[in-house]
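One structure is given below, encoded as structure tokens.
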Amino acid sequence: MSEMKENNLQKAIDGIEPSEGAKERMLANIRRKAAQQSKQEEAVQKPPVLWLVSAKKWVLPLAACLAIAAFGATVMPQLLKSHNEHEVVSAVEMGNPFVEVKDAQDFESRLGIKTDAPDGAEDVVYHIIDGQIADIDFLSGEHRYNLRASRQKDDFSGLYGEEAGTKQLDSGKNALLTVLQCEPEVFLKITWTEGDLHFVLSNTDGASEKELVEIFERVK
Amino acid sequence: MSKIPLNSDVDFESFYERHWKYVYRLCFTYLKSETDAEDCAEDVFVKILTGSYEFESEAHERKWLTVTAVNLCKDMLKSHSRKNVGSLDDETSPEIAAPEPEDYSDVLDAVMNLPTKLKDVIWLYYYQGYSTDEIAGILGRPPSTVRNQMRDARELLRNVLGADLK
């Protein structure tokens, strides 16, 4: 998706504004629904008590009064409270960590990172993540690959799974191929370093180790 | 690790303040109705208020809210469909249109009219910034499926919005 349209999508969603009073109305409804749910759960858990039956003439009006009092005590302050929606910076207004960029030259100018998809790669998409990670998604042959580079030392591959095996690659760049088991699938990644830069090349759609190593040899 | 105490109004209100608009927007894109979006968003927060949850970070909170809201929206869509009261996901205009910036309404309409399974990935990828692998983990789908769905969604959006989508 182009950068402009991606921004438009974000702006479009941010443009969905709840109607006036929705915040207070919803909060009141949430409390009411939660109270109802708790009452129902209590009713299921507790067997009926006999004295309530005989005393229902006064218990029910009392319960009604208590319910009104409880409602007033919990909901009315919310309704009366003046809310300024802009007082609290909603987390939803935080920027998308993915910023699509035009090409690998943007990595160099913005991050000082030189890396690119291998020659012949198709459907190449470039992102900068969190202003720190160069991210390239590309198609090569029948598989899609992801190449990331950053000065971050933590794992920024975005892959989760149990490490099922590792293999040192003879490349002089401390390159390590790791097999990740994420039932029912197997992910592959190759990590290596060049100076202060850390790289990770990964595949999650079934490429073989040989295919991933071939891509690695072309991008390292 | 912070915990949201069930009986703390202050903590719950703070949680609600942080996320209510996000949850509402998410629900609205699925349900295309202000009334249903409010109802569904309320149910998400009722779960918080009546359950016991621990979150490691705001990102963790957001992830939980996203999964819960999406599931509740899908339940509501199924319920409407079963009751034969008309699918909320049809191609007609929203029951009550939320105010939208005019310039982006075409983008919003296109996303709202995507099939639900494609809406999931578009929302999480472009609005929340998750990677396709992270989306796969959140939605419990194979990463290759998520990537295929991303491709399908982009194609549908391109057809609706024009040729400037990849």
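What follows draws every value from the coordinates through simple rules; no lab data is involved. Bear in mind the structure is a predicted one, so any value in this text is a computation, not a measurement. All Cβ positions, glycine included, derive from the backbone under ideal geometry; neighbour counts span all protein chains shown.
Look at B:Ser131, B:Ser105 and count the other Cβ atoms within 10 Å of each Cβ; fewest to most, that gives B:Ser105, B:Ser131. Looking only at the stretch A:98-219, where both bridge partners belong to it, what percent of the DSSP beta bridges are antiparallel (to the nearest 5)? Antiparallel bridges make up about 100 percent of those DSSP assigns within the stretch A:98-219. Under a model in which nothing but the beta-carbon of Lys, Arg (+1) and Asp, Glu (-1) is charged, the stretch A:180-220 shows a dipole of about 100 debye around its Cα centre. Pairs exceeding 18 Å between alpha-carbon atoms, taken from A:Lys102/B:Lys119; B:Lys21/B:Lys63; A:Lys173/A:Lys220; A:Lys33/B:Lys117: A:Lys102/B:Lys119; A:Lys33/B:Lys117. If the chain linking A:Gln37 and A:Lys173 were pulled fully straight, counting 0.36 nm for each residue of separation and taking away their Cα-Cα distance, it would gain 43.0 nm. Projected label points at A:Lys210 and A:Asp196, each 7 Å from Cα along the beta carbon direction, are separated by 4.0 nanometres.
Annotation for the stretch A:115-220: GluC sites (Glu not before Pro) lying in DSSP loop with at most 15 further Cβ atoms inside 10 Å of their Cβ are A:Glu142.
Placing unit charges on the Cβ atoms only, positive for Lys and Arg and negative for Asp and Glu, gives the stretch A:98-219 a dipole magnitude near 400 debye about its Cα centre.
Size estimate for the stretch A:98-219 follows the Kirkwood approach: the inverse of mean 1/r over distinct Cα pairs works out to 14.5 Å. Once the C-beta distance of A:Glu142 and B:Glu13 is scaled by a Förster radius of 41 Å, the resulting FRET efficiency is 0.20 to the nearest 0.05. With neighbour counts taken as other beta-carbon atoms within 10 Å, the residues A:Ile190, B:Ile138, A:Ile13 rank, fewest first, as B:Ile138, A:Ile13, A:Ile190. Sorting B:69-76, B:154-161, B:143-150 by their mean Cβ neighbour count within 10 Å, with the most densely packed peptide first, gives B:143-150, B:69-76, B:154-161. The mean sequence distance of close C-alpha pairs (under 8 Å, at least 6 residues apart), as a share of the length of the stretch B:100-166, puts its relative contact order at 31 percent.
With neighbours defined as other Cβ atoms within 10 Å of a residue's Cβ, the residues A:Ser38, A:Ser140 order from fewest to most as A:Ser38, A:Ser140.
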